[in-house]
Amino acid sequence: MTDKTKHSMVTTFKGRMTSLQVGILYGFMVKRISRGYSTAEMSFLMGYSTDYIRQKEELKQIGFSFEDIHNFATALEERSWRGFSYSYEEHNKEADYLLVKTLSKVRIDLQLFRIAEDQSQTLVFHLLEENPGYVRYPTSEAEYFQEAQAVMKVLFEGRLFYSAKTALEIYQRCRTISGNNNLDPKHIQAAIASFTSLKEFPKLKKIRSKEYGCMYEKVFE
């Protein structure tokens with residue numbers, strides 16, 4: 001359900017989860033937000049479709065598999081899975097939950113409530129993140145996109161893409177070459193898209209991998 005106001009938009013999502021699933025969901029959200037990644041950027045680095053993590057966080061797809069946890073930790077370059085699960089609830093029982101997402105120009109406010117049988121609501125957690133659609137410094141942001149494009153051009157003309165590479169590998173290589181810590185996954189994702197959408201060959205081709213999700217390889221015909 002969505003409620004639009006003059007300054008913000010409130011959307012609610014409902015789902016039935018166990019306390020373990022709630023704990024893992026919270027762990028994922030905290031880790032993602034702490035890195036400053038949007039759900040689309042997180043999905044990209046994991047090799048998944050752009051809306052994969054958003055669907056999870058909006059309770060449209062409940063639960064994370066061991067593969068999800070592994071890919072999530074790898075994308076964040078975490079050495080262990082510790083910190084991906086929190087014990088918010090005392091017993092691992094199922095309950096109905098309500099996620100209230102308030103989107104304003106600058107930030108996103110996320111609140112998860114547990115719904116009791118009498119329909120009363122108990123706040124489970126409350127998180128804030130910057131709205132990924134908000135551009136604080138437009139000039140600098142445009143420069144980052146241009147820099148990512150330039151670095152990708154160097155990599156594309158070299159030998160890197162003679163074998164398939166994951167989104168994370170490309171992101172890491174671009175940051176290493178540029179030395180710019182302000183390059184975000186979205187900048188690299190846009191640069192990759194420009195090479196996969198080329199009308200002529202050679203170009204980048206997105207391929208599917210059972211182990212790594214989406215990968216990218218240079219093709220000549």
Test: residue in the stretch 149-161 that is touching a Leu at 6+ places or on another chain (Cβ under 8 Å), in contact (Cβ under 8 Å) with a residue 12 or more places away in the chain and either farther than 19 Å from His187 by Cβ or open to solvent by 40 Å² or more (accessible area, probe 1.4 Å) (or both):
no
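Can you tell me which residue is modelled with the lowest pLDDT among those in the stretch 106-128 that are charged (D, E, K, R) and out of contact with any Ser or Thr (no Cβ under 8 Å at 6 or more places or on another chain)? Give the steps one after another, and end with the answer.
So the first thing to find is which residues in the stretch 106-128 are charged (D, E, K, R), and the list is 107, 109, 114, 117-118.
Still in the running and out of contact with any Ser or Thr (no Cβ under 8 Å at 6 or more places or on another chain): 107, 117-118.
Values: Arg107: 97, Glu117: 92, Asp118: 96.
Among those residues, the one meeting the criterion is Glu117.
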Taking the stated definitions as given, is Asn180 under 30 Å from Val100 (Cα atoms), open to solvent by less than 50 Å² (accessible area, probe 1.4 Å), of a type outside the set (D, E, K, R) and free of Cβ contacts under 8 Å to residues at least 40 places away in the same chain?
no
So Ser209 clears everything in (1) among the small types (Gly, Ala, Ser); (2) surrounded by 13 or more Cβ atoms within 10 Å (Cβ to Cβ); (3) closer than 23 Å to Asn71 by Cα except one condition, right? Which one?
(2)
Take the stretch 130-148 and flag every residue that is out of contact with any Asp or Glu (no Cβ under 8 Å at 6 or more places or on another chain) and touching a residue at least 24 places away in the same chain (Cβ under 8 Å).
Glu130, Asn131, Tyr134, Ser140, Phe145, Glu147, Ala148
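Out of Arg114, Arg136, which single residue is surrounded by fewer than 11 Cβ atoms within 10 Å (Cβ to Cβ) and of a type in the set (D, E, K, R)?
Working: Arg114 fails: surrounded by fewer than 11 Cβ atoms within 10 Å (Cβ to Cβ).
Matching residue, one of Arg114, Arg136: Arg136.
The values are calculated or read from the model by the stated rules, or taken from the named source; none is laboratory data. As the structure is a prediction and not an experimental result, all values here were calculated from the model. Heads up, the Cβs are rebuilt from the backbone with ideal geometry, glycines too, and the neighbour counts pull from every protein chain shown. All accessible areas refer to the heavy atoms of the entire protein, side chains included, with ligands and DNA or RNA removed. Shrake-Rupley method; radii C 1.70, N 1.55, O 1.52, S 1.80 Å.
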